[in-house]
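Scroll down for the structure; my scribbles are underneath it.
The values are calculated or read from the model by the stated rules, or taken from the named source; none is laboratory data. Here the structure is a predicted model, which is why all the values come from computation and not from measurement. Cβ placement follows ideal geometry from the backbone for every residue including glycine, while neighbour counts extend to all protein chains displayed.
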């Protein structure tokens, strides 16, 4: 996995620190971890989104969309699920379809990572359970957040496409496969309509 720098937790080697501080250093790895799919499509590292940037964009997008279109959802749960959903990548890394990991292997790696990140916190088991709810799509909120994950990916793909980077179609197709009928699919259609005839910023 390509990263901007070494894992921040390695900087604490030999130090006696609180569990909270160690957990933050672990989570900070998502700021260093590039979204590998963009690199595989030729996005240069100075423009490549990190996993943390994706998580922030997704959390804000999920909150705004839930508030606008899905008032029946528990918005606090939506936000928590969006913030937590990629934390398994702290240690598992950011797999892409090109890596072709077995789904079960990927899930096991991420589950172990989640246990490692949250296991020492006082309420760590609550976060671990929440991550499992997301992974299993066990609630309406989890299923919504899973769809927003793909929609946010398509939004980022549209930004790269408008900057002149080709070969983004797979990302739009992936979003199409994940979204049901309704507002999210309508937003995806709007995003796709932006792509033709666009150019890089002058």
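Of the listed requirements (1) surrounded by fewer than 18 Cβ atoms within 10 Å (Cβ to Cβ); (2) farther than 30 Å from residue 10 by Cα, residue 102 misses just one: (2).
For the range 41-50, the count of residues that are within 12 Å of the chain's Cα centre (by Cα), outside any loop (DSSP other than H, G, I, E, B) and modelled with pLDDT of 95 or more is at least one. Just checking, does the range 152-171 include any residue being touching a helix residue (DSSP H, G or I) at 6+ places or on another chain (Cβ under 7 Å) and farther than 23 Å from residue 50 by Cα? Checking the range 152-171: not a single residue is touching a helix residue (DSSP H, G or I) at 6+ places or on another chain (Cβ under 7 Å) and farther than 23 Å from residue 50 by Cα.
Of the helices (runs of 4 or more DSSP H) lying entirely inside the range 90-202, those carrying at least 3 residues that are without any contact (Cβ under 8 Å) to a residue 60 or more places away in the chain and within 17 Å of the chain's Cα centre (by Cα) are 103-118, 124-136, 140-162, 169-178. Checking each residue in the range 1-35 for being in contact (Cβ under 8 Å) with a residue 40 or more places away in the chain and farther than 21 Å from residue 95 by Cα picks out 19, 20, 22, 23. Identify all residues within the range 75-99 that are surrounded by fewer than 14 Cβ atoms within 10 Å (Cβ to Cβ) and more than 21 Å from residue 174 (Cα to Cα); write none if there are none. Result: 76, single match.
Of the residues in the range 31-47, at least one is within 23 Å of residue 132 (Cα to Cα), surrounded by fewer than 17 Cβ atoms within 10 Å (Cβ to Cβ) and in contact with a helix residue (DSSP H, G or I) (Cβ under 9 Å, 6 or more places away or on another chain).
Residues in the range 191-202 that are modelled with pLDDT of 50 or more and surrounded by 10 or more Cβ atoms within 10 Å (Cβ to Cβ): 191, 192, 194, 195.
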